[in-house]
Amino acid sequence: MISLSTLGGIGLTGEDGLEHDGLLRQPKRLALLCYLASPAPGTWHRRDAILAAFWPEFESGKARTALRNALYVIRQELGADILLTRGDEEVSVNPAALASDLTALQEAITGDDFPSVVRLYRGEFLAGLFVNEAQGFEHWLDGERLRLRTLVSKAGARHSLQLEAGGNLAGAIEVQRWLSNTDPDDEASARRLITLYDLAGDRGQALAAFERLQSHFAEAFESEPSAETMRLVDEIRQRRSATAPRHPPAPQADVVVHDDASLTAHDSIAPVTARADRRWRWLLVPALIGAVVLAVGFGTRPRAAAKGVPTTLLVVPMENATGHPEDDYIATGLAEDVAARLAALRSFTIKSAARSRWPKRTRDNLALVAPHFGTQIFLRTTLTRVGDSLRADAELVDVGTGFSRAVGTEHFTSATLADAGSQLAALIAGAVFRVPLAEAPRSAAHAVDPEAYRLTLLGWHQLLAGRDDRKARELFLQATKLDPLYARAWAGLSSTWSAATTNGQIPFDEGYALAEAAATRALTLDSLQGSAWATLGVIRALKQRSLAAGEPYLRRAIELEPTNAEIYMVDGAVLRFAWHWDRARDAIRIARQLDPLAAYYAGLEGNSAMCQDKPLDALKWYRSAVALDAGERVGQLGVARALARLRRWDEAIEQLRVVARSRSDTALALALRDAHGERGYWDFKHREGATLLATRIARAGTEWQAPYLLGVAEIGAGQIDQGFDLIESEVRAGSRMVWKLPCNPEIDEIRSMPRFQRLLQAAGALPP
């Protein structure tokens, strides 16, 4: 039977314990399965209600087609018996084929089995799941979350009252504290916890519980607790001594309310929060003249505090919790800005993964991240929307112990976005480092236009996420028009012109002039723009056909931004143009060490190995990329490519089928349906190449296309002789693009041909 987990996280596992990760990577179809399985498998749902929830923007016929396709994919992934239908209008999940933790939770509540409620309710229903353009589903989800919170709260309150009535005051406190931690917005639950602490004679814990409630309300709602709660606390404060039993009863053995086993029936009642507060008072201590020392040696037991004290803080990618994927660029840009400003303190080592594209399982399990970066102290930030404004929250997390501490909150709008990074970094520095915030190296000499700043953030997001270089260029152009003195926008523009030039989108001399002008403008305004120096390194090496001509600029870029993985990636690209394979590999490996959990860089190392015709090495790196992120495109397709180079044809075809299933690409799946062996693999690749060739020919009719790109596309489409002829003419013409030849995936079929080897010899490489 398949198991569906929906509380505190989402999981879908078969009887063999393996995850059905293909469906987990498809939010809308996963959401549909969870909807159909609620409130329990076997519940019938009408198709018209499903259509209204998931495809409200489609007309009826198109919506029904989308639903049929989604149900087909669910059956393909989980088995034909996973869904049941009743006529043409009702659908349900087969209760004999799927079990849900949501069903088990509701049964535990009905059966008054509160320990099981605690074990099952690990967090919010479908936490982190967001579905685009499905407002009906979002409304339903909000209602379900509220319904479950209410059911759990009532079950806990009932159990707490039963324990108190039976004389087990300590057990009642434990249950009530769990309820309060589970839903910190529930003032009634917090008020009852305060009352129970008071009855137990622990006035200090009662007041501490109130202070936590008061702080939460001030931060979350900018308000105070109710008058009823305030009166209760005033009464406790005015009382000279507590009136409570001398020996409160010990908790009973059945009171185990922490699923992570942090407290059991034999633990003391002293709250974890209180211990955490005492520990955090020592976590970050100012030392001599603003020096900063992080200490992790406290908790309930003393440690050898002097040994192994970390001096490094990792800034992890900011979580975009706004519910709007279009805000991703704000989260990335703001986290990067904060990291740069904190690094300017110099008295403390800042490592930044702010730009990383970590998969969800990595973001949700920071304990797996720590060994890769050599620190257990992380700065975690979250972006949310509050009405028409945005809010960024920062907290320090010690993943070794699980303790966390809020260190800053900044509210801002698009008009104040340019100043938000500075404000948030100042809050963090003041709360954590206890030293003045030094001016960041990139601080502008003038007030940046807010809209230019926003457009530049979005442009860098488009560029670095590999989404749309042309769109990024348009954004940077708009930013430079709005604010001609904004160096970061000019640096971004130089990078996009450089990419367009080296990728054959514009003639080399034209692109060189544009990229050089933008980079020079950026450095005139701010000589510390590392990306602008890197741009000059690439284009001048190619312009002068000499690696030595570009190296000084690349070295300067690395000096300015030694922890910027993208600069090493650019360095590696120039070295590949020069066919200095080992040095190019080393540059990529440095980028990987700076950001070891970014699957993209592992995929690039695989590409570098393929340039050298080392498919076995490449296969290892491609599989490493997929292990880090199952959806990583470079890694997914790279595995198939490397297997084909190893002549493992059927394995390569099966890998392509895996890609088709993971992306729900029915056209790709159909094209691969009957493929088999070497001929089947190349027939498929030729069909794929023909599509690429047709696209490039069509573009050549309206915009400039590098003849070299048409040549490699002809080879990829199986037109070998025509492709050879065109590339050979490019070699004779001195095209700067021919140095990419060993790395183009389209030439894998001809790599062993003598004509190709002669072509490589004629192409040569950039001299040292």
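Below, the figures for the structure above:
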read-out	value
Positive-end residue of Gly156, Pro27, Thr312, charge dipole of the chain with Cβ unit charges	Thr312
Under-5 Å amide H pairs with Gly9, H placed in peptide plane, nonlocal only	Leu126, Ala127
Debye intensity ratio in log₁₀ form over the Cα atoms of the chain, taken at each q of 0.06, 0.07, 0.09 Å⁻¹	-0.46, -0.63, -1.01
Inter-part distance where the range 52-91 and the range 699-723 are each reduced to a Cα centre, Å	42 Å
For the chain, calculated [θ]222 nm from helices alone, where every DSSP H run of n ≥ 4 adds -39500 (n - 2.57)	-17500 deg cm²/dmol
The range 677-736: C-alpha gyration tensor shape, a/c 1.5 cut-off, then a/b vs b/c	oblate
0 to 90° range, to nearest 10: angle between helix 677-700 axis and the chain longest Cα axis	80 degrees
Check: the chain dipole with +1 on Lys, Arg Cβ and -1 on Asp, Glu Cβ, in debye	1780 debye
Reach of Lys543 by Cα under 18 Å, taken over aspartates and glutamates that are not fewer than 8 positions away in the same chain	Asp509, Glu510, Glu516, Glu551, Asp571, Glu730
Rounded tilt (10° steps) of 615-628 against the dominant C-alpha axis of the chain	30 degrees
Ranked by how many other beta carbons lie within 10 Å on average, peptides 667-674, 692-699, 496-503 from highest	496-503, 692-699, 667-674
Gained length - Ala96 relative to Ala671, 0.36 nm times residue gap less alpha-carbon distance	203.5 nm
In Å, descending, principal axis extents of the Cα set of the range 42-124	48, 27, 22
Cα long-axis angle, helix 169-182 against the chain (0 to 90 degrees, to the nearest 10)	30 degrees
Three-way shape call for the range 157-239 based on the alpha-carbon gyration tensor, with the a/c threshold at 1.5	oblate
Distant alpha-carbon pairs in the range 469-599 (separation over 17 angstrom), percent	57 percent
Antiparallel DSSP beta bridges within the chain, as percent of all bridges there, nearest 5	75 percent
Taking only Cα atoms of the range 350-404, radius of gyration then Dmax in Å	12.7, 39
Selection from Ser116, Gln761, Ala694, by position along the positive dipole direction of the chain (Cβ)	Gln761
Å² per residue, accessible surface of the range 675-768 at 1.4 Å	47 Å²
Ranked by how many other beta carbons lie within 10 Å on average, peptides 633-642, 102-111, 579-588, 676-685 from highest	633-642, 579-588, 102-111, 676-685
Cys residues of the chain counted as unpaired, since no other Cys beta-carbon is under 4.7 Å	Cys34
Peptides ranked, highest mean first, by Cβ atoms within 10 Å: ranges 648-656, 746-754	648-656, 746-754
Filter on Lys481/Lys740; Lys28/Lys685; Lys360/Lys481 - keep pairs with C-alpha separation over 32 Å	Lys481/Lys740; Lys360/Lys481
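The values are calculated or read from the model by the stated rules, or taken from the named source; none is laboratory data. Please read all numbers here as calculations on a predicted model, not as lab measurements. Note that we place each Cβ from the backbone using ideal geometry, even for glycine, and neighbour counts take in every protein chain shown. Just so you know, the surface numbers come from the protein's heavy atoms only, side chains and all, with ligands and any DNA or RNA stripped out. Shrake-Rupley method; radii C 1.70, N 1.55, O 1.52, S 1.80 Å.
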